[in-house]
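Read-outs: derived from the displayed coordinates by stated rules, not from any lab. Predicted model, so just to flag it, every value in this text is computed and none were measured. When we count neighbours, we look across all protein chains shown, and the Cβ atoms used for this are built from the backbone with ideal geometry, even at glycine.
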Amino acid sequence: MEFKLRGTNVIGIELLTNRDNFSVEGIKQFVSEKRQLLKGARFLILVEDYPLKREEVEELVNFFSKEEGITFCGFKTNLKENRELCVSLGVPCDISTLELEKSKERSPTEEVKLVKKTLRSGDKITSTGDLVIMGDVNPGAEVEAGGDVFVLGSLRGFVRAGIGKSEGEVRALYFEAPRLELCGKEMEFERKERFINFRAKVKSGKIKLEHLKRGI
């Protein structure tokens, strides 16, 4: 089975699959053969145009739970039904296209900034528009955006998003921050709360939180 990888160990490595080559056994064999290359990596499976089955997701999650040295961060997909399945199983999954309900308030001149690194304590990133971080936001790091913020990793630092806007959102695969600010509204969280597939959204003046599960 022919598979392709993209990314780096620092940012994360994606295994590219589609309708033509998706195979649970093939993926398991490929990962086993590339174990040394993937050691220490944040690993995701990109699934394009292939509807996942419940047993396939469960088998892969079980496989990666036994793979030492590989941090399995879930799936990315362009099919809503795949994301809904993963959500129902408590498995992180994001929409690969990042076409995530753009607000009508957006100006065509606003930037979309892509940050391909982990933000460490003392780091600060700003954007006039949307901000996509392909890594973690560690405690002590700060993120400010006029638009939405998407963290394809763990969000444990401070995010201020939707500055000057009435609608916006913050998403993260994992969320453990004590607070965040969205559209001028501050949200605080209990210490050590941990959310998976976290989403905070402000629309029509109301705050809505979505997540799969949390732990203390």
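Results, tabulated for the structure shown:
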read-out	value
³J(HN,Hα), Karplus 6.51/-1.76/1.60, whole Hz, each residue of the stretch 139-146, x for Gly, Pro	x, x, 8, 10, 10, 10, 8, x
Surface/4 estimate of mean projected area, convex hull on alpha-carbon atoms of the stretch 4-95, nm²	5.2 nm²
Distance violations [Cα-Cα > 29 Å] among Lys80/Lys208; Lys39/Lys185; Lys116/Lys201	Lys39/Lys185
Ordering of 137-145, 58-66 by packing [mean C-beta count within 10 Å, highest first]	137-145, 58-66
Calculated diffusion of the stretch 112-215, Stokes-Einstein form, Kirkwood radius summed over Cα pairs, 10 °C and 1.306 mPa s, µm²/s	121 µm²/s
P(r) of the chain over all Cα-Cα pairs, binned every 5 Å from zero, in whole percent	1, 7, 15, 19, 19, 16, 11, 7, 4, 1, 0
222 nm mean residue ellipticity, helices alone, for the chain (DSSP H n ≥ 4; -39,500 (n - 2.57); rounded to 500)	-4500 deg cm²/dmol
